[in-house]
Amino acid sequence: MKKLHIIALVLVAASIVAIVLLSQDYTTYETFSTAKEKSGKDVKVVGNLVLDKPIEYDPKTNANLFTFYMKDKDNEVHKVIFRGAQPQDFRRSEQLVLTGKMQGNEFYSSNILMKCPSKYVDNEIKEVKEASLMPSK
Amino acid sequence: MNILLLQNFGSNGFIGEDLIPGYIGKFFVVLMFFMAVLSTISYFISIYTKNENEKGAWHNLARISFWIHGLAILGIFSTLFFIIFNHKYEYYYAWRHSNNAMPLQYIISCFWEGQEGSFLLWMLWHFILGIILMYSSKAWEKYTMSSLGFVQIILGSMLLGIYLFGKKIGINPFVLLRDEMSNAPIFQRPEYLSMVKDGNGLNVLLQNYWMTIHPPVLFLGFASTTFPFVYAMASLFKKDYTGWVSKVLPWSVFSLSVLGTGIIMGGAWAYEALSFGGFWAWDPVENASLVPWIIGVAGLHTLLVYKNTKNGLHLSFVFNILCFVMIIYSTFLTRSGVLGESSVHSFTDEGLGWQLVAMLAIFTVPTFLFYIYHIRFMPKKNVEEEVNSREFWMFVGALVLIVSAFFITKTTSIELWNKIFDTKYSQPLDIKFHHNKIQLLFGITIAIFTAFTQYLGYKKTNYKGMNWLWGSLGVAVILTIALIFVYELLPDTKLNPNFASYYLSIGNILLLCVALFSLFANASYLLQNQRKYLLQSGGSLAHVGFAIMLVGIVISQYKQEVISTNLERIDYGKDFDAETKADNRLMFKGKSVLMKDYLVTYNKKYSEGDKTYFSVSYEKWDSKQSLELNKNREKKIDFELNPFMQRNGKAGDLVANPSTKHFWNKDVFTNVSSFNSDEGKESTAVVDTLSVGDTFYTTNSYVVLDSLVGNPKIDSIVYSPGLFGIGAYFTISDMDNNKYMAVPSYLIDVNQVNAVKNNPFYSTEAGMKIEILNIMPEQRKIAISHTDIIKPQDFIIMRAIVFPQINLIWLGAIVMVFGGLLSTLKRYIENKKLNI
C-alpha cells in the first residue's frame, strides 16, 4: 500500500499545518487585568453582574447597545459594552461569561453567556450573541 | 460485597405516597441487569463447553434470559410511564421532568429529557435490534450476542442507583423525591406530598413535535452503531476474521441511514424551535452525533472494499470499532459536565463522571488491545491498489473522512484538554467559521470522490460511460457559473472584502460546483447502470442525496441574508468599525418597516396559555419603490408569522421561539429577541359631573358622553327586583382619530350591605380609565372620575433572515436515507440468498 501510505503521510502533514493555523481561533479565559495585557485580542472573562451600578438599555435610541458593570473573579469591576439587545431576565443572572476585548477601562463584549438560577432546576445556561454575530457568515 | 440498595423500605410515616410502583420498577431494574449478566455468561459458556447437550442448554438459557432482560426493560418503561401519567410526584423523575398540564406526546418526550430515560431508550433499541441479531446471525449468534450482552451490562449499570465501595453506580429512575432532595426541610413533614402539587414540567425548548420523534430516531441510530462493533468483536472471538464483513454490511448501512435521519431531524428541530437562526451550530451535542456518523461512513466504505477486493480488512476493524467508541465518547462529553460552559445544551454533571470515564475506558482499551493481539492471525495481502482503481479512491476518501472527524472532535473536546493539560483555552469566538473553513476543504474533496469513484471499477479500471462523467462536470461548471450570478456568490467589492470573505466565497463556489458534479455524475451512473434494478441503486442514490444536501447547504447558509438590518445605522461610538452591522430591528406596533423585498409590520401581541405571541405581517414590496407610504394605502398581507416567547417553568427565563414561512425556493425566518413588557402608568384622577352630550378633554383625546342606559347588558349580571344599574356610553376619540367605545357601569343591589358596585372602564389601548362615582337621577347627571393611562410603548425587537433553497437540505437528506435503506435491503437479500 505504498501510494496510500504517501497520501496518508501528506494528510497528516497537512493536518499538522491546519492545527497550527486553526489554534489561533481559540480564545482563553482571563480576568480583567490579564485581559488588559492582551488588549485587542478576544478573550473570555467570568464574573458577576453588579446590580447597584447602572444597567442601561434604551431600545428607542439604539436597539443594539446595552451596557452594564461586571465584577470579575479578582473583584475588579469594569463597564461592559455589548452590541446587542439586552437578554430577557438579565438581572436574574447568577454568573456571566463574557467574550470580547478590553479597550481602556471598558470591556467590549461580543457574546454573553449567562447562568440563570432557577427555583428548582439546575443552573440553566443561556447564550446571547452580539447582533452582528448572530447569523454567522 | 457491600451493596446498599438506595431505597427506603416500608412505611415511615409519610402520607399519601404510593411506593408500590417504585418497588416494582426497582425490581425490574435489578432483573434487567442480572438477566443481561446471565445471558452474557450463558452465551459465553455455550461457546467454550465441549459437551453438546450442555452447549444446547446454555444456549437456551442465554436466549431466554436475554428475552427476560428485554421484557424487564419494557417493564421499567411501563412503570415509569404509569408514574408520570398518574402524576406521582413522590418520584423524583416524574417531579423533575413532567407536570399536570402535560399532553400525551410530551409525556413521551419527558422520557428522554433525563439521563435515566435516555439510557433506557438506548437499551430498549439494543434489545429490539438484539432480537433481530439473535435470529439472523446464525453461526455467529453466540459470539455477537455475548458481546451485545456485555454492552447491555455496562449500559444497564447506569440505571442501578446503588453504592459500591462508597461510589454511586448509576441513577435509578425510581428514586423518591424526598430521598433525592433529603436536605430540604419540607421532607421532614409527613404530609409533604400534599404540598407537591405539580412537577417542573418539560423544558419548553423540548415542547416541540420534532422532540417527540427526533430522540427515538437518534437513539435508534446510536443503538444500531453497536452492531458493526459487536460483529467486529465477534469475529475476533470466533477467530473468523473475514466472515463478518458480509454479515455486518446490512447493519452498517442501516445504522448510518437511521443515525443520519436522527441528526438531520435534530437540525430541523433547531431550525424550527431555537432562536439562533439556522439548522447547524457546531454545538458539542450536534457534533457528538455527527462524528460517529462520519467515521461510520468511512467504515462502511472500507467494508465494501474488502468485500470486493479482499483489501482493507484492518481499516474496517479500526473504523467500525472507533465509530462505536466515539458514540460512547460523545455520551461521556455531553453527560459528564466536562464541557461546562461551552455548550448551551450540555448536561450538568449528575455525579456519574467517573462511571462514564470507566465506561469509555472499558470500551476503548481492551477492545483495541484485543484487536491488536489478533492482527498476527489475520490474512495478509500485499498487493498494492492501482491508482485508477475504485478501491484506491475509496480508501483515500475514508482517510479524508477520518481527518474531518478528527478536526471536529479536537475543537469539541477543548474543555477536556484543559482538564488534562491544565490550560485555559476556550471555544473559538466564531465557532461556525472555525469549523466551516476547514470542513469546506473536506466537503470539496469528498464530493469530488463521490462523483468519479463509481466510474472506476474495482481492481482494474472500467472506463465504461466516462463520457457521462465528463459531461456531468461540464454541466456542473456551466450551472455553477449561472448560479454565481443568480445568487451573487462573489464577494461584494464595495464592502472591502478581506481574506476570509474571499476564502469563503471561492470555497463555497468550488463546493457548489463539485456538489453539482457529484449530483449529475451519480444520477447518470444510476440511469446507465442501475435503472433496471432499483435495489442496486441504493449507493448512487445516497450519493445523489448527499450532493443535493451540499448544494442546499452552500446556497442557504452562505447566501442567507439578514433582512432586519438596522438601516438607521445608529452610531455605536468611535470604537466600532463601520462594518459592524446591527441585525436587530426595533419595530413599533403598527408601523411598517421596509426589509429588503418586504414591508414588515408588527401588528399585535396576544397570549395563549403561557405563550406570548407576536403577530408580524409581511407584504411583498418592490424595494426600488419610494418609501413615502401613503397613509390611506390599503395594506396587503402576503403572509403572517407568529413567533412567540414562553417562560421556561414557573420561574424560569423567557425563551424565544421563531416562526418561519416556507416557500419552495426560500424560507423567511423571524424571531423576536425582546419585547416591551412594561405596564401602563396612570396619571392623577380628575373628577367631573356630566350630562348626556357633554364632552371632556384629556391630554390625548376628547370624550363624549353619548347616552345613559338603564340596566345595561353586562355579562354575568342578571337583573332582578332590587338589583338595577346604569351604564354610561362614552366615545373616546384620540389624536390619531381612533375611536373607542367605553361603557362603565354602576349597579345598586338593595339586598346587600355593600349596595353599590361599580365596574370601571379600563383600557391601555384607549389610554383611559373611567369610573362612575355617583348617579344623580333628578338632574339626569353622573359624577365620574377619569384617569389617563400612559400607554406603554408597544414594540418588539426582531430579527428576520431569508434562507434561499434551504428545502434542498431536507430533500437531499430524504433521498440519502432512502438510498441507504435500499442498500440495507439489498445487502440483507444478498446474505439471505447465500444463506449466511
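Some points to look at:
- Residues of the range B:731-782 that turn out to be in contact with an Asp or Glu (Cβ under 6 Å, 6 or more places away or on another chain) and either farther than 21 Å from residue B:683 by Cβ or open to solvent by 80 Å² or more (accessible area, probe 1.4 Å) (or both), as a count: 1
- Residues located in the range B:415-432, provided they are in a helix (DSSP H, G or I) and more than 7 Å from chain A (Cβ to nearest Cβ): B:415, B:416, B:417, B:418, B:419, B:420, B:421, B:431
- Output for the range B:187-204, where each listed residue is within 13 Å of chain A (Cβ to nearest Cβ) and part of a loop (DSSP other than H, G, I, E, B): B:196, B:198, B:199, B:200, B:201, B:202, B:203
- Of note, residue B:763 does not satisfy the criterion of being more than 30 Å from residue A:63 (Cα to Cα) and among the hydroxyl-bearing types (Ser, Thr, Tyr).
- Residues satisfying the stated conditions in the range B:441-463, i.e. within 12 Å of another protein chain (Cβ to nearest Cβ) and of a type outside the set (Phe, Trp, Tyr): B:441, B:445
- Some residue of the range B:734-741 being part of a strand (DSSP E or B) and within 22 Å of residue B:774 (Cβ to Cβ): no
- Residues in the range B:754-805 that are under 30 Å from residue B:665 (Cβ atoms) and in a strand (DSSP E or B): 9 in all.
- Being without any contact (Cβ under 8 Å) to a residue 12 or more places away in the chain and touching a strand residue (DSSP E or B) at 6+ places or on another chain (Cβ under 6 Å) holds for only one residue in A:26, A:108, A:57, A:69, and it is A:26.
- Tally of residues being loosely packed, with under 15 Cβ neighbours inside 10 Å, outside any loop (DSSP other than H, G, I, E, B) and in contact with a Phe, Trp or Tyr (Cβ under 8 Å, 6 or more places away or on another chain) across the range B:707-730: 3
- Whichever residue in the range B:649-685 is modelled with pLDDT under 85 and open to solvent by 60 Å² or more (accessible area, probe 1.4 Å) and, among such residues, is nearest to the other protein chains (Cβ to nearest Cβ): B:650
- Residue B:825 meets all of the listed conditions (1) outside any strand (DSSP E or B); (2) touching a Ser or Thr at 6+ places or on another chain (Cβ under 9 Å) but one, namely (2).
- Counting residues in the range B:390-400 that are more than 10 Å from every other protein chain (Cβ to nearest Cβ), aliphatic (A, V, I, L, M), without any contact (Cβ under 8 Å) to a residue 60 or more places away in the chain and farther than 19 Å from residue B:331 by Cα gives zero.
- Residue identified as open to solvent by less than 30 Å² (accessible area, probe 1.4 Å) and more than 22 Å from the chain's Cα centre (by Cα) among B:328, B:321: B:321
- Residues that are under 21 Å from the mean Cα position of the chain (by Cα) and part of a helix (DSSP H, G or I) within the range B:86-107 comprise B:96, B:97, B:104, B:105, B:106, B:107, listed in sequence order.
- Criterion applied to B:109, B:118, B:65 was being at pLDDT 95 or above and away from every other protein chain (no Cβ under 14 Å), and the one residue passing it is B:65.
- Top-ranked residue of the range A:89-109 - restricted to ones that are facing another protein chain (nearest Cβ under 7 Å) and crowded, with 19+ Cβ neighbours inside 10 Å, ranked as modelled with the highest pLDDT: A:108
- Applying the criterion of being crowded, with 23+ Cβ neighbours inside 10 Å and of a type in the set (S, T, N, Q) to the residues of the range B:68-106, the residue that is farthest from residue B:173 (Cα to Cα) is B:98.
- Among the numbered conditions (1) farther than 30 Å from residue A:87 by Cα; (2) within 12 Å of the chain's Cα centre (by Cα), the only one that residue B:311 does not meet is (2).
The values are calculated or read from the model by the stated rules, or taken from the named source; none is laboratory data. This is a predicted model, so every value here is computed, not measured. When we count neighbours, we look across all protein chains shown, and the Cβ atoms used for this are built from the backbone with ideal geometry, even at glycine. Side chains included, ligands, DNA and RNA excluded: accessible areas come from the protein's heavy atoms. Shrake-Rupley method; radii C 1.70, N 1.55, O 1.52, S 1.80 Å.
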